[in-house]
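What follows is a set of notes on a single structure, which appears directly below.
The values are calculated or read from the model by the stated rules, or taken from the named source; none is laboratory data. Note that the structure is predicted; figures quoted are calculated from it, not measured. Here Cβ is always computed from backbone atoms with ideal geometry, including for glycine, and neighbour counts include all displayed protein chains. Note: areas computed on protein heavy atoms with side chains; ligands, DNA, RNA excluded. Shrake-Rupley method; radii C 1.70, N 1.55, O 1.52, S 1.80 Å.
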Amino acid sequence: MSVRGLVRGRRRAMGIVVAMAVAATAVVADVGEAETPPGGEVSTVRVTAQQLLSGQTADGLTSNDRFAPGERARRAHQRFTGRLDLDGVTMQVLSDGPGATISNPVLGKDTMFFPDVSISFFTVDQHLVPTTQDVILNGVLPGTRSYWDMIVQPGRVWSESADRGWNRASFPFSLVNSIEGETHTGIAMFLYKGREVSPVRFQIVQMTSPFYVPEYFTAWGTTGAHFRRGGIRHLFWRAARYRAELAAQLPVRPWSKLERVVDAATLEAFVEYPDFVQGAVVRDGVLYRTDCPTAAGPFPYCDQVRYGVWSITKSAMMNVALLRLAQKYGAGFLDEPIGNYLPAAAAGGWETVTYRDLAMMASGHGPAEDPLCYLCDYDRWYVALSQADKTAEALDYPGPFAEPGTVLNYRDQDAYLLGVALDAFVKAKQGTHASVARLVAWDVYRKIGIFHAPTNATVEPDGSAGQPLMAYGYYPTLDDLAKIALLYENGGRWNGRQLLDPALVQQLLPQPVPPAGALSESDSVSYYLNWWLRRLDSTEGCSAWVPQMSGWGGNTVTLLPDRNVVIRMRNLWNDTPDPQATINALADELTTNCS
């Protein structure tokens, strides 16, 4: 059965329990089998200033390069500093669903409505820089119409001679929802002059694997916009930090440059899947990456794209927090019951469950009807918004059906609980002002050159910062993922500083056998401390167990010997020829896997 069919079947079995909790639920459409979002007829005609000023809506997608500076672009006549308020608008949608539409409404919200958000920008050296790259909440807030929250990345400003004094600005963005984990990648463009702005034309052209809106779709439209000039403090500091962000990025080389060490046919096989989104190899500190294919051609802001990587979050964020705390306070806390720091977990069969048990996906808890069923009795936890509600739901599963620490039972609820328990541990050690989110961001990410970590979190009624979901919901760039992987490849050290516990990192590096205590899923797959371990059978005549971050949809980050890293983003629904085989083939040519 395809992955998509499996999800549909499990949803039918669950009966979509969300219906009891919300006014309207997702309608699981009988969608088609295409992985890449449909493009239709893509226009290559220039978008004129008159079209932008009049708010004219396109008839379909436009080639992405028309949303970015071309060869004849000139410097912008003025800077852009201020707030752009978007009105929101019903999008034109092309999908693989019945009638070329998408499931709507979902959780009582309009999935066809582009969100009415406010975005503050300033310019640095012809770059259009948002004041935040965090998730801009909208779709999960009461009283809003759209289903979508939003993340905005840096773009560009420029001018063109035919525009009669107007400046052009464009920026990449992602539509997301804070209870989910995918991204819908888009690009937007508008004109500005003095205190005036045009309506904003946008299109959505790529995505990672979805869940509640299961259709693969592209969209386009034009939304009204209003400009409030100024109002951004500390511009000099912000500009300096943005330049530091650019300087901290790894060197980037084209994918084709790998042909000096890897056969061209092997590189082609790695990218030829119909659900391929982007791929990269990190070698000698250089990021070799493919372009970003989309339904409207290559994406012009390829290095700024943030991907919804789903469960890669468990390794890239959760394990980072776990190993950072082990380095600061000793690894002994892993074997303490979480109830020592999280009182709600000191009863109900959770009394003996430790931090290590949760990190091993072995709490011994699960759905009453079938403890090993991943999506059974899932939605009530999935849709809970606040930390109090989500934590209560996560604890409300019977057990133990097995001794904690003994049976691998992969559960997002347990991963979320581990994040909450880690937050409680941080507060016990550092005070109530501290948080696991700040620990990851400031103790680790910032030290390795990651300046932004947009992450889904619980939504609190009082508007306060929520608890990061940490089971999924992290939105990294390829550069972010590469740096996190290199931190492990370097033994948890960066610029001479030991950031992660070295003994635990060592157990998560490629080795001939899985580390002691790893729980086996099969003879070729094991799980250890929020990482998957996969057996790589080398053509050299040996086997190595390599650690892999893995997320829904075929998103993987694989650590190889000699500080080589393989990254691949996909939006997989259907079963295809073994995707791991092409990773293994690439690994065989990149490095020696037999010690």
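Structure notes:
- Where strands (runs of 3 or more DSSP E) fall entirely within the range 502-572, those with at least 1 residues that are open to solvent by less than 10 Å² (accessible area, probe 1.4 Å) and among the hydroxyl-bearing types (Ser, Thr, Tyr) are at 525-528, 555-560.
- Selected residue [open to solvent by 30 Å² or more (accessible area, probe 1.4 Å) and out of contact with any Gly (no Cβ under 7 Å at 6 or more places or on another chain)] from ALA188, ALA100, ALA76: ALA100
- Of ALA362, ALA394, all but one fail to be touching an Asp or Glu at 6+ places or on another chain (Cβ under 8 Å), of a type in the set (A, V, I, L, M, F, W, C) and over 26 Å from GLN498 (Cβ atoms); the exception is ALA394.
- Across the range 111-129, the number of residues qualifying as without any contact (Cβ under 8 Å) to a residue 40 or more places away in the chain and small (Gly, Ala, Ser) comes to 1.
- Scanning the range 326-385 for residues that are part of a loop (DSSP other than H, G, I, E, B), of a type in the set (Val, Ile, Thr) and buried (at least 22 other Cβ atoms within 10 Å of the Cβ) turns up just one, VAL353.
- Some residue of the range 231-246 being more than 24 Å from ILE450 (Cβ to Cβ) and in contact (Cβ under 8 Å) with a residue 24 or more places away in the chain: yes
Residue by residue, here is whether (1) over 26 Å from the mean Cα position of the chain (by Cα); (2) modelled with pLDDT under 95 holds:
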residue: THR391; (1), (2): no, no
residue: LEU395; (1), (2): no, no
residue: GLY399; (1), (2): yes, yes
residue: ALA402; (1), (2): yes, no
residue: ARG411; (1), (2): no, no
residue: TYR416; (1), (2): no, no
residue: ASP423; (1), (2): no, no
residue: ALA428; (1), (2): yes, no
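- Inter-residue pairs, beta-carbon under 6 Å, first part of a helix (DSSP H, G or I) and in the range 420-448, second modelled with pLDDT of 95 or more and charged (D, E, K, R), 6+ apart: VAL436/ASP423; ASP443/ARG324; VAL444/ARG324; ILE448/LYS483
- Residue match in the range 396-407 (condition: in a loop (DSSP other than H, G, I, E, B) and of a type in the set (Asp, Glu)): yes
- Within the range 45-65, the set of residues being in a helix (DSSP H, G or I) and over 14 Å from TRP220 (Cα atoms) comprises ALA49, GLN50, GLN51, LEU53, SER54, ASP65.
- Across the range 415-440, the number of residues qualifying as open to solvent by less than 20 Å² (accessible area, probe 1.4 Å) and either touching a helix residue (DSSP H, G or I) at 6+ places or on another chain (Cβ under 6 Å) or more than 14 Å from ASN340 (Cβ to Cβ) (or both) comes to 14.
- Of the residues making up the range 139-153, those that are open to solvent by less than 10 Å² (accessible area, probe 1.4 Å) and not charged (D, E, K, R) number 8.
- Residue match in the range 107-127 (condition: open to solvent by less than 40 Å² (accessible area, probe 1.4 Å), assigned to a loop (DSSP other than H, G, I, E, B) and either of a type in the set (D, E, K, R) or over 29 Å from GLU460 (Cβ atoms) (or both)): yes
- For the range 69-86, the count of residues that are modelled with pLDDT under 55, of a type in the set (Ser, Thr, Tyr) and part of a loop (DSSP other than H, G, I, E, B) is zero.
- Among residues of the range 285-298 being touching a residue at least 60 places away in the same chain (Cβ under 8 Å) and open to solvent by 10 Å² or more (accessible area, probe 1.4 Å), the one that is farthest from ARG253 (Cα to Cα) is ALA295.
- Condition check for GLN278 on (1) of a type in the set (S, T, N, Q); (2) open to solvent by less than 30 Å² (accessible area, probe 1.4 Å); (3) more than 24 Å from the chain's Cα centre (by Cα): one failure, at (3).
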